[in-house]
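A.B. asks: I have a structure I would like to understand better, so I am pasting it below and will then ask my questions one at a time.
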Amino acid sequence: MRNVTFGGANSLDNYLARSDHTVDWIRWSDEAASLMSSLWKTIDTVLMGRKTYDFAVKNGQGNGYPGTKTFVFSRTLAPLETPVTVVSEDAVEFVRRLKEQDGKDICLMCGGELARSLFEADLIDEIGFNIHPVLLGSGVPLFYPMNRQIDLELKECRPFKNGCVHVSYRVIHPKS
């Protein structure tokens, strides 16, 4: 079965973006670029919500990412004339079926709303975030309240020269 990794960049106070969805506080680095390059070799599918897709469009990624299938979950977005596929059905059922298909792993690049539903359905297997040394005070939250605790096991904690820290965790799924 394919793994789903929820990842991205966040502030130390767990925001993905400012309230106006800007990310001017992100500290890009060669170390982060190298880490992302390694990740892209292990995936062939990218999942995102509509708000994340809107951000991707503004930043030149509206056609998805080379070498991957990109799915955008939205009940309001019309089908696109790009390689990106809009999914209007239930995200949990779609991802459950996707994980069972042949292929490389899956990267979940989204806000906390979509991630919450996938966490609660036990569909996220790993978490990987580049934590930036800034307190935004408010913004788009990384995590939303969930209906239960999600236990994690540390896989890696790597400090970068620019003050960021990359952490990755394995999600410990409850026994059925």
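The values are calculated or read from the model by the stated rules, or taken from the named source; none is laboratory data. Everything quoted here is computed from the prediction, not taken from an experiment. Virtual Cβ from ideal backbone geometry, glycine too; neighbours counted across all protein chains shown. Only protein heavy atoms, including side chains, enter the accessible area calculation; ligands, DNA and RNA are left aside. Shrake-Rupley method; radii C 1.70, N 1.55, O 1.52, S 1.80 Å.
A.B. asks: Which of (1) of a type in the set (S, T, N, Q); (2) in a helix (DSSP H, G or I); (3) over 28 Å from Arg158 (Cα atoms) does Thr52 not meet, given it meets every other one?
C.D. replies: Result: Thr52 fails condition (3) only.
A.B. asks: Here's a follow-up. Here are some residues: Val72, Val57. Which one is open to solvent by less than 50 Å² (accessible area, probe 1.4 Å) and among the aliphatic types (A, V, I, L, M)?
C.D. replies: Criteria check complete, one pass: Val72.
A.B. asks: So which residues in the stretch 97-112 are touching a Leu at 6+ places or on another chain (Cβ under 9 Å) and either under 20 Å from Leu16 (Cα atoms) or free of Cβ contacts under 8 Å to residues at least 12 places away in the same chain (or both)?
C.D. replies: Result: Ile106, Cys107, Leu108, Met109, Cys110, Gly111, Gly112.
A.B. asks: On to the next question. Quick check on my filter: what residues within the stretch 5-26 are over 16 Å from the mean Cα position of the chain (by Cα) and over 13 Å from Phe129 (Cα atoms)?
C.D. replies: The answer is Arg18, Ser19, Asp20, Thr22, Asp24, Trp25.
A.B. asks: Considering only residues that are farther than 17 Å from Ser11 by Cβ, surrounded by 12 or more Cβ atoms within 10 Å (Cβ to Cβ) and within 18 Å of the chain's Cα centre (by Cα), which ones fall in the stretch 153-171?
C.D. replies: Selection gives Lys155, Ser168, Tyr169, Arg170, Val171.
A.B. asks: A follow-up question, please. Can you find a residue in the stretch 88-96 that is under 24 Å from His21 (Cα atoms) and either open to solvent by less than 10 Å² (accessible area, probe 1.4 Å) or in a strand (DSSP E or B) (or both)?
C.D. replies: Within the stretch 88-96, not a single residue is under 24 Å from His21 (Cα atoms) and either open to solvent by less than 10 Å² (accessible area, probe 1.4 Å) or in a strand (DSSP E or B) (or both).
A.B. asks: Are there any pairs with C-beta distances below 8 angstrom linking a residue in the stretch 1-25 that is closer than 18 Å to Tyr144 by Cα to a residue that is assigned to a loop (DSSP other than H, G, I, E, B) and among the β-branched types (Val, Ile, Thr), with the two at least 6 apart or on different chains, and if so which?
C.D. replies: Here the result reads Thr5/Ile124; Phe6/Ile124; Ala9/Val23; Ala9/Ile26; Ser11/Val134; Leu12/Val134; Leu16/Val23; Ala17/Val23, each pair linking the stretch 1-25 to a residue that is assigned to a loop (DSSP other than H, G, I, E, B) and among the β-branched types (Val, Ile, Thr).
A.B. asks: Further, regarding this structure: Hey, can you tell me all the residues within the stretch 1-39 that are hydrophobic (A, V, I, L, M, F, W, C) and either loosely packed, with under 15 Cβ neighbours inside 10 Å or part of a helix (DSSP H, G or I) (or both)?
C.D. replies: Matches in the stretch 1-39: Met1, Leu12, Trp28, Ala32, Ala33, Leu35, Met36, Leu39.
A.B. asks: Tell me yes or no: at least one residue of the stretch 51-61 is modelled with pLDDT of 90 or more and either within 17 Å of the chain's Cα centre (by Cα) or within 19 Å of Pro133 (Cβ to Cβ) (or both).
C.D. replies: Scanning the stretch 51-61 turns up no residue that is modelled with pLDDT of 90 or more and either within 17 Å of the chain's Cα centre (by Cα) or within 19 Å of Pro133 (Cβ to Cβ) (or both).
A.B. asks: Starting from residues that are assigned to a strand (DSSP E or B) and at pLDDT 95 or above, keep the ones in the stretch 130-142 and report whichever is farthest from Arg170 (Cα to Cα).
C.D. replies: Of everything passing the filter in the stretch 130-142, His132 is farthest from Arg170 (Cα to Cα).
A.B. asks: Here's another thing I want to ask about it. With the condition kept exactly as written, say whether any residue in the stretch 109-125 is under 18 Å from Lys51 (Cβ atoms), in contact with a strand residue (DSSP E or B) (Cβ under 9 Å, 6 or more places away or on another chain) and charged (D, E, K, R).
C.D. replies: yes
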